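Visitor: I'd like to ask you about the structure that follows.
The values are calculated or read from the model by the stated rules, or taken from the named source; none is laboratory data. These figures come from a predicted structure and were not determined experimentally. Cβ atoms come from the backbone with ideal geometry, glycine included; neighbour counts cover every protein chain shown.
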Amino acid sequence: MNSNAFKSPGQRYTGVAIAFHWLLALMIIGSFGVGWYMSDLPMSPTRLKLINWHKWAGVTILALSALRLLWRLTHRPPADLPAPRWQLRVAHLTHGALYALFFLVPLAGWAYSSAAGFPIVWFGVLPLPDFVSPDKPLADLMKERHAVLAWALGVLVVLHIAAALKHHVIDKDGLLDRMRPGR
Amino acid sequence: MSILLRTMPVALLMAVAALPVAAQAPAQKVIVAQSEIAFTSKQMGVPVDGKFRKWDAQMAFDPKKPDAGTVSFSVDTASAGFGSPETDAEVPKAVWFNAAAFPKATFQSSAMKALGGGKFEVAGKLAIKGSTRDVVVPVALAQSGGMTTATGAFTIKRLDFKIGDGEWADTSMVANDVQVKFKLTVTGIAPL
């Protein structure tokens, strides 16, 4: 596929934005998979390890998403490719909701952990503050919220990937090149 | 007559032996509902607080004669929990407390020492899950309105008692050190 037309500055996302996108894509998909898998495991050292890795990854996703949002607000993304108005609107809404969930999913997980009486110690080294105190009903509520929000994020990610592939396979408009790593 | 003479010293000895016991009665009472035995375990660096919901204590203690004091505890191991149903279900299992085979953990004091300023040191034997270890427990007493509050904390090595056996013996997952904290509300202790 000829992507020369999209190599000029302004037509591609910045290198930093591309790095954020793919790093966070891997981390979010990985954390979702680990979260799903571990939730049904019987208690074992493996499960305890997975739970902690999941929490560390979640807090890392939260921190990276904050940096990413800062970058996004201070750096103009490439202009929209021509598309029907409703598609552009849905794309913008999806992106906005994705960003909101990048924060809401880890925050609900963090609140769940704190409310359940298990503070998060980032990478086993840095104790993070509990912004809610241990509280059984709150823990149950946050567990449910965390799961519902994570599934909502999952659905949006699938929608996002499907839309990107539609541009690539059906429209053949080179949209993917704007976010493709490398030159 | 000769029988009486021969048994006399024995009877006297018995009476003397019974004296301190009689002098100590009535024993002090620990109000379990207003007391707490808690513990903190570190799991992958995360401090997790738990407590024992069911236990009992016997105490005979006079602050003026601490050397003669005794205290004993009996704790239902199955009543240990971290407050989440999932972990609470694990704690009585064989790898942890094995509550089916060892339903009670006990502490029996062997010596008490006054350190001054309402502080005492209680040495004794802690028995959990079939293993017994000597422990020395610092206790601070505070009194108000006829109630005495005894607080203290000490650290045990969980593997000394095989708490968390087999796959859980890995101390990088669950630290060997477990801090035990208590706050006891006691009635009937003489003023300090």
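Visitor: Quick one: which residue in A:D135, A:D171 is among the acidic types (D, E) and either farther than 23 Å from B:F82 by Cβ or touching a Lys or Arg at 6+ places or on another chain (Cβ under 9 Å) (or both)?
Guide: Values: A:D135 fails: either farther than 23 Å from B:F82 by Cβ or touching a Lys or Arg at 6+ places or on another chain (Cβ under 9 Å) (or both).
After ruling out the rest, the residue left standing is A:D171.
Visitor: Name the strands (runs of 3 or more DSSP E) wholly within segment B:36-140 that hold at least 2 residues that are away from chain A (no Cβ under 14 Å) and farther than 17 Å from B:Q179 by Cα? Talk me through it step by step, then tell me what you get.
Guide: Values: elements: B:36-43, B:46-52, B:55-60, B:70-76, B:104-116, B:119-128.
Passing ranges, in order: B:55-60, B:70-76, B:104-116, B:119-128.
Visitor: Right, next: Quickly run through segment B:31-57 and pick out the residues that are farther than 25 Å from B:K157 by Cα and polar (S, T, N, Q).
Guide: B:Q34, the sole residue that qualifies.
Visitor: Quickly run through segment A:43-57 and pick out the residues that are facing chain B (nearest Cβ under 7 Å) and either touching a His at 6+ places or on another chain (Cβ under 7 Å) or buried (at least 18 other Cβ atoms within 10 Å of the Cβ) (or both).
Guide: Those that are facing chain B (nearest Cβ under 7 Å) and either touching a His at 6+ places or on another chain (Cβ under 7 Å) or buried (at least 18 other Cβ atoms within 10 Å of the Cβ) (or both): A:P45, A:L48, A:N52.
Visitor: Still on this structure, please answer the following. Kindly list the number of the only condition in (1) without any contact (Cβ under 8 Å) to a residue 40 or more places away in the chain; (2) more than 30 Å from B:A60 (Cβ to Cβ) that fails for B:P103.
Guide: (2)
Visitor: Could you look through segment B:136-162, keep only residues that are closer than 16 Å to B:M112 by Cβ and either in contact with a helix residue (DSSP H, G or I) (Cβ under 9 Å, 6 or more places away or on another chain) or among the small types (G, A, S) (or both), and pick out the one that is surrounded by the most Cβ atoms within 10 Å (Cβ to Cβ)?
Guide: Among those residues, the one meeting the criterion is B:A150.
Visitor: Next question. Only one residue in A:K172, A:K136 is more than 21 Å from the chain's Cα centre (by Cα), exposed (fewer than 15 other Cβ atoms within 10 Å of the Cβ), under 30 Å from B:A175 (Cβ atoms) and of a type in the set (D, E, K, R). Which one?
Guide: On the way: A:K172 fails: under 30 Å from B:A175 (Cβ atoms).
Sole residue among the options that is more than 21 Å from the chain's Cα centre (by Cα), exposed (fewer than 15 other Cβ atoms within 10 Å of the Cβ), under 30 Å from B:A175 (Cβ atoms) and of a type in the set (D, E, K, R): A:K136.
Visitor: Mind listing whichever residues of segment B:165-189 are within 14 Å of chain A (Cβ to nearest Cβ) and either assigned to a helix (DSSP H, G or I) or of a type in the set (A, V, I, L, M) (or both)? So that I can check it myself, show each step before the final result.
Guide: Our first condition is that a residue be within 14 Å of chain A (Cβ to nearest Cβ); within segment B:165-189, this holds for B:165-175.
Residues satisfying the conditions are B:G166, B:E167, B:W168, B:A169, B:M173, B:V174, B:A175.
Visitor: Looking at (1) buried (at least 17 other Cβ atoms within 10 Å of the Cβ); (2) in a loop (DSSP other than H, G, I, E, B), which one does A:D130 not meet, given that it meets all the others?
Guide: Looking at each condition in turn, A:D130 falls short on (1).
Visitor: Check off (1) of a type outside the set (F, W, Y); (2) part of a helix (DSSP H, G or I); (3) touching a residue at least 24 places away in the same chain (Cβ under 8 Å) for A:L50 and give me the number that stays unchecked.
Guide: Against the list (1) of a type outside the set (F, W, Y); (2) part of a helix (DSSP H, G or I); (3) touching a residue at least 24 places away in the same chain (Cβ under 8 Å), A:L50 comes up short only on (3).
Visitor: Residues to consider are A:R180, A:R145; find the one that is under 22 Å from the mean Cα position of the chain (by Cα), charged (D, E, K, R) and assigned to a helix (DSSP H, G or I). Reasoning before the result, please.
Guide: Values: A:R180 fails: assigned to a helix (DSSP H, G or I).
After applying the criteria, what remains is A:R145.
Visitor: I've got another one for you. Give the residues of segment B:163-179 that are touching a Phe, Trp or Tyr at 6+ places or on another chain (Cβ under 9 Å), modelled with pLDDT of 95 or more and either among the basic types (K, R) or surrounded by fewer than 19 Cβ atoms within 10 Å (Cβ to Cβ) (or both), sorted by residue number.
Guide: If the condition is that a residue be touching a Phe, Trp or Tyr at 6+ places or on another chain (Cβ under 9 Å), modelled with pLDDT of 95 or more and either among the basic types (K, R) or surrounded by fewer than 19 Cβ atoms within 10 Å (Cβ to Cβ) (or both), then B:Q179 is the only one that fits.
Visitor: Can you report the number of residues in segment B:37-50 which are surrounded by fewer than 19 Cβ atoms within 10 Å (Cβ to Cβ) and under 30 Å from B:P191 (Cβ atoms)?
Guide: 1
Visitor: Checking the structure you have, find out if any residue of segment A:96-105 is of a type in the set (S, T, Y) and touching a helix residue (DSSP H, G or I) at 6+ places or on another chain (Cβ under 6 Å).
Guide: No, that holds for no residue.
Visitor: Spot the failing condition for A:V16; the list is (1) part of a helix (DSSP H, G or I); (2) away from every other protein chain (no Cβ under 14 Å); (3) surrounded by 14 or more Cβ atoms within 10 Å (Cβ to Cβ), and only one is missed.
Guide: Exception for A:V16: condition (3).
Visitor: Restricting attention to segment A:103-116, does a residue exist that is on the phi < 0 side of the Ramachandran plot, part of a helix (DSSP H, G or I) and surrounded by fewer than 16 Cβ atoms within 10 Å (Cβ to Cβ)? If you could, list the steps in order and put the result at the bottom.
Guide: Taking segment A:103-116 as the starting set, the residues that turn out to be on the phi < 0 side of the Ramachandran plot are A:103-116.
Restricting the remaining residues to those that are part of a helix (DSSP H, G or I) gives A:103-115.
Now restrict to residues that are surrounded by fewer than 16 Cβ atoms within 10 Å (Cβ to Cβ): A:103.
Scanning segment A:103-116 turns up at least one residue that is on the phi < 0 side of the Ramachandran plot, part of a helix (DSSP H, G or I) and surrounded by fewer than 16 Cβ atoms within 10 Å (Cβ to Cβ).
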